[in-house]
Amino acid sequence: MGRRRKKGQPISGWAIVDKPTGMTSTQVVGKMRWTFDAQKAGHAGTLDPLATGILPIAFGEATKTIPYIMDAEKVYRFTAHWGEARDTDDAEGDVTQTSDVRPSKEEILAALPAFTGVISQVPPKFSAIKINGERAYDLARDGEEVELKAREVEIFDFALIEIPDADHATFEIECSKGTYVRSLVRDLAQKLGTFGHVSALRRLAVGPFDESCALPLDKWIELSHIPPASEHLMPIETALDDIPAVAVTGNDAARLRHGQSVLARPGTIQVLDGSDLSLGAGADETVFCSCKGEPVAICRFRQGEFHPVKVFNLNPERGPDVDYARP
């Protein structure tokens, strides 16, 4: 019996959605997958329903590069509402504590250095972190006590943008993966002697993706009716901008696609312009391999050989997807 055919079209690439408020990230993925009739889709980094902004959606073989976007730096702009603590640490939750204290501009600026660099923060109890196999937000909604461990994140830049009134202040941060803006506002407010929560949140950038390459969801829906839909997507390799790139020959590409390692022989491997890669035997790093402009594999280069870790199957006739996950 032959392999069961997957439903939908085998399109691959990235669509950068400017997520509207009121929708979950999963709902946006579902809408985009249905709109493009795609076999497979996923997002690179959850945005809360309250939040707007950059939500990268990967289709098909691009889903194999999602971890590289998840690990990338992010940029957020958000507004803190002083004087109210909420159980969700954002405007969607119930008020739990109040304060009449409102920080001044000078007090805010003096506090920001303590939240720049590597810091420790406890994630909000209404978060997607799993506790004994269950999501923290599910436990919190059921009234159970949720205790989450502090974790280290890095804030590369923390800037005060404006103070529209005494109750609010708008900020912009560049940060590492795993940073919770809600926790940041909660902790900053406590240091300022008051309470606070996030009243507005927008993600401005995720790795190589920013507002310049994003379109609103309704615009993506409109474009999907102009065939071929795949022409509106960004290439798979866009997510791998920070990884050295090399071009391999057709024979070596075939070996990599079958999970076999390839020796870095002179004349068969070409380091592409702009890539910083030493092909010495002592090198050990992740690289992106392509052949005639087509993605082939993400490899680990060590001991003078390319070892495939993620193989791209853009031609269904070649056979089933290959994913050689190795440490």
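What follows draws every value from the coordinates through simple rules; no lab data is involved. Everything numeric in this text was worked out from a predicted model, so none of it was measured. Counting neighbours? That spans all protein chains shown, and the Cβs are built from the backbone with ideal geometry, glycine included.
Quick one: order LEU263, LEU50, LEU240 by neighbouring beta-carbon count within 10 Å, fewest to most. Mind showing how you got there, number by number?
Values: LEU263 12, LEU50 16, LEU240 21.
Going from sparsest to densest Cβ surroundings: LEU263, LEU50, LEU240.
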Exercise for the section: Note down the net charge around VAL198, summing +1 for each Lys or Arg and -1 for each Asp or Glu among other residues with Cβ under 14 Å from its Cβ. Expected result: -3
Exercise for the section: Could you please state, rounded to a whole Å, how far the C-alpha centre of the range 56-76 is from the C-alpha centre of the range 193-253? Expected result: 8
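What net charge do the residues around VAL262 carry, taking every other residue with its C-beta under 14 Å from that of VAL262, with Lys and Arg at +1 and Asp and Glu at -1? Write down the numbers at each step before the final one.
Values: positive: ARG255, ARG257, ARG265, ARG300, ARG302; negative: ASP252, GLU305.
Local net charge: +3.
Neighbour counts of other C-beta atoms within 10 Å: give me LYS292, LYS74 arranged from fewest to most.
Numbers: LYS292 10, LYS74 23.
Taking fewest neighbouring Cβ atoms as first place, the list is LYS292, LYS74.
Taking a threshold of 19 Å on the Cα-Cα distance, which of the pairs LYS19/LYS219; LYS7/LYS40; LYS19/LYS64; LYS105/LYS177; LYS177/LYS310; LYS19/LYS74 fall above it?
Values: LYS19/LYS219 11 Å; LYS7/LYS40 9 Å; LYS19/LYS64 22 Å; LYS105/LYS177 28 Å; LYS177/LYS310 22 Å; LYS19/LYS74 15 Å.
Violating the 19 Å Cα-Cα cut-off are LYS19/LYS64; LYS105/LYS177; LYS177/LYS310.
Using the number of other C-beta atoms within 10 angstrom as an exposure proxy, rank CYS299, CYS291, CYS175 with the fewest first.
With the sparsest Cβ surroundings first, the list reads CYS291, CYS175, CYS299.
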